[in-house]
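Q: Below are the structure tokens for one structure; questions will follow.
Every number in this text was worked out from the coordinates using simple rules, so none of it is lab data. This is a predicted model, so every value here is computed, not measured. Backbone-built Cβ (ideal geometry, glycine too); neighbour counts: all protein chains shown.
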Amino acid sequence: MAKVEGLIKQTTAVDRLKEGADQYLRLLRDGTLSMVDWIAALSLEGRVFTCNAGVATTAIAFGDEGLDTDEFDLFVSVPSSVVIIPLELNIHFETTGTALLVECVMQVGTGGAANATSTATVTRSSNPNTGLTSACTSVCAANTSGTAFTGDVKEIWRASDQISIDIDTIAQIRIPYNYRWKAMTSGVLDVVGPSYGLAVWASSKTGTGMISLKYIELPASVMQ
Amino acid sequence: MSIMKGEIAQTTGVDWDSEGASKSLRMLRDGTVSMTNWIAALSLEGRVFTANNGVATTSIEFGAGGLDTTEFDFHIAVPAGVAIIPLELNIHYSAFGTALLVENVMQTGTGSVTGAGTTSVVRSSNPNSGRTSSCTCTGAAVAGTAFTANVKEIWREIDQLSITIATIAQLRVPYNYRWSALQSGCLDVVGPSAQLAVWASSNAGGGMISFKWAELPSAALV
């Protein structure tokens, strides 16, 4: 029967070796094993990407007058070579316009396509030192019709507010301005792709703001 | 097939040995392995740092009149040789001023230079390790140079209208805005030779900003 041992590396004995080298288990001085979460490991590998639609002082215009299934506020096209796993979505309303239902929705499916006039987003790796880049094509702020999903639609997340309006005095009741979804909250990971789309809507009367999406991207072959 | 075993160290069997020694895995009496997460291990190693901008009764002034990409309420310059992983950000407003959009934003990028400001107080998670941060941290800066490339917005939280309340009858807005990497599970590597900036933007805000990060030799993250 093998007894598992590691090396005590709590403060001064910690070493960081080269890729591919053999390494001992890291233990605290009482024998407690050091572990890292898989998503954190993928982050260090550079395989987690952040897609920004609007940054700093530059907001994007969200689709107005209610949710339109062929006008995407963010659309990620996942090509045939990769799959993605959505991890985090953040929608921020700087304005919502006059009274109307607010609907924040994330769907995945096939057959969808954003209108060619959409705005390109900025997508960055979690570890720029690795040189990895995303193979997906992401666009935002589509204000003319593209193509709605035609198959395999799955609605992963939705948050709504029954009525929303831009406030202009301190006495008015506040509504949510920041809508957030995190895969870690439920622990469920949804594999999207290959050859799928992921769509986000931030729908109100005449909304503006920012959307950010974080996702894991892996070769499609490792998920089949 | 080999059966793996550790050593029961639940109460009286616990011992704390020296750095670099071989050691059996710590287990409870039912065989459960004692585990710590990687960030906690880095904390004990002294590689997690806290930067305080404003403490106790001393607030700093946040940028007034809306978000200005050249005026940083908090700025970290990560030099060559190290990289950081942001872990936690806390923004606390003591005052907002008159009505205006509130924007709390954290970005990373390159090419930014902070203007003159206050030097942040930076402390290690384990002072016994003797480790210090190689980064330069500044709070409440006047105009400098905005990011010029590689901008990534990691976090944002806004409020459509905010104002310093004067009577108990006025509606409250959030005063504490918090971000934690552990809540999303995503870790962002920043640097070497990059910067991280935080804005706490309102009409005429003031308060405190604290920021926690892991700092490692950049060679360990390539």
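Q: Taking N as the number of residues in the stretch B:1-149, what is its Cα Rg relative to 2.2 N^0.38 Å? List each step's numbers first, then the result.
A: On the way: Rg = 21.9 Å, N = 149, 2.2 N^0.38 = 14.7 Å.
Against the compact-globule rule of thumb, the ratio is 1.49.
Q: Suppose every K and R has +1 on its Cβ and every D and E has -1 on its Cβ; what is the size of the dipole of the stretch B:48-221 about the Cα centre, in Debye to the nearest 20?
A: Values: 7 positive and 11 negative charges, 75 e Å.
Dipole size: approximately 360 debye.
Q: Order by neighbour count: B:D188, A:D190, A:D73, fewest other Cβ atoms within 10 Å first, most last. It would help to have the intermediate numbers written out before the result.
A: On the way: B:D188 25, A:D190 15, A:D73 29.
Sorted ascending by nearby Cβ count, the order is A:D190, B:D188, A:D73.
Q: Pick out which of B:W16, B:W155, B:W179 has the largest mean-square fluctuation in a Gaussian network model of chain B, springs linking Cα atoms closer than 10 Å.
A: Judging by the Gaussian network model, the answer is B:W16.
Q: Lysines within cross-link reach of B:K212: Cα-Cα under 20 Å, excluding same-chain residues under 8 positions apart?
A: Partners found: B:K152.
Q: Please state the equivalent ellipsoid semi-axes for the protein assembly as shown: what are the square roots of 5 times the Cα gyration tensor eigenvalues, largest first, in whole Å?
A: On the way: eigenvalues 302, 175, 81 Å².
Equivalent ellipsoid of the protein assembly as shown: 39, 30, 20 Å, largest first.
Q: Towards the positive end of the charge dipole of the protein assembly as shown, with charges on Cβ (+1 Lys, Arg; -1 Asp, Glu), say which of A:S34, A:L213, A:A113 has the farthest Cα.
A: Value computed over the given set: A:S34.
Q: Per residue of the stretch B:179-192, what does 6.51 cos²θ - 1.76 cosθ + 1.60 with θ = phi - 60° give for ³J(HN,Hα)? Whole Hz please, x for Gly and Pro, Karplus curve as stated.
A: Computed from phi, the couplings for the stretch B:179-192 are 10, 9, 4, 5, 5, 9, x, 8, 10, 10, 8, 10, x, x Hz.
Q: At most 15 other Cβ atoms within 10 Å plus a DSSP loop assignment makes a site exposed; report the longest stretch of chain A without any exposed trypsin sites (Lys or Arg not before Pro). Each step should come with its number before you reach the end.
A: Values: sites that count: A:R16, A:K18, A:R174.
Longest run free of exposed loop sites: A:19-173.
Q: Right, something else. Give the lysines whose C-alpha is closer than 28 Å to that of A:K154, dropping any in the same chain fewer than 8 places away, or say none.
A: A:K182, A:K205, A:K214
Q: May I pose another question? Between beta-carbons, use under 12 Å as the cut-off and find the net charge around A:K214, counting Lys and Arg +1, Asp and Glu -1. Could the numbers behind the result be given before it?
A: Details: positive: A:R47, A:R124, A:R180, A:K182, B:K152; negative: A:E88, A:E217, B:E153, B:D188.
It works out to a net charge of +1.
Q: Further, regarding this structure: Report the local net charge at A:A202: Lys and Arg +1, Asp and Glu -1, summed over other residues whose C-beta lies under 10 Å from its C-beta.
A: Numbers: positive: none; negative: A:D73, A:E103.
My count for the surroundings of A:A202 gives -2.
Q: Are there GluC sites (Glu not before Pro) in the stretch B:23-100 that DSSP puts in a loop and that have at most 14 other Cβ atoms within 10 Å, and which ones? Mind showing how you got there, number by number?
A: On the way: sites: B:E45, B:E61, B:E71, B:E88; in loops: B:E71.
Filter output for the stretch B:23-100: empty list.
Q: Please go through the stretch B:102-186 and write out the trypsin sites (Lys or Arg not before Pro) that DSSP classes as loop and that have at most 14 other C-beta atoms within 10 Å. Intermediate results must be reported in sequence, preceding the final value.
A: Numbers: sites: B:R123, B:R131, B:K152, B:R156, B:R172, B:R178; in loops: B:R131, B:R172.
Passing sites in the stretch B:102-186 are B:R172.
Q: Follow-up question, since we're still on this one. In whole Hz, what ³J(HN,Hα) sequence does the stretch A:201-215 give by Karplus (6.51, -1.76, 1.60; θ = phi - 60°), x for Gly and Pro?
A: 10, 10, 9, 7, 5, 8, x, 9, x, 10, 10, 10, 10, 10, 8
Q: Once chain A is represented by equal point scatterers at the alpha-carbon sites, with solvent omitted, what log10 I(q)/I(0) does the Debye formula produce at q = 0.14, 0.17 Å⁻¹?
A: Result of the Debye calculation: -0.88, -1.16.
Q: Pick out which of A:T208, A:T144, A:T58 has the largest mean-square fluctuation in a Gaussian network model of chain A, springs linking Cα atoms closer than 10 Å.
A: A:T58
Q: In addition: Which lysines, on any chain, are close to A:K3 with Cα under 26 Å apart, when same-chain ones fewer than 8 places away are left out?
A: Within the straight-line limit of under 26 Å, A:K3 reaches these lysines: B:K5, B:K23.
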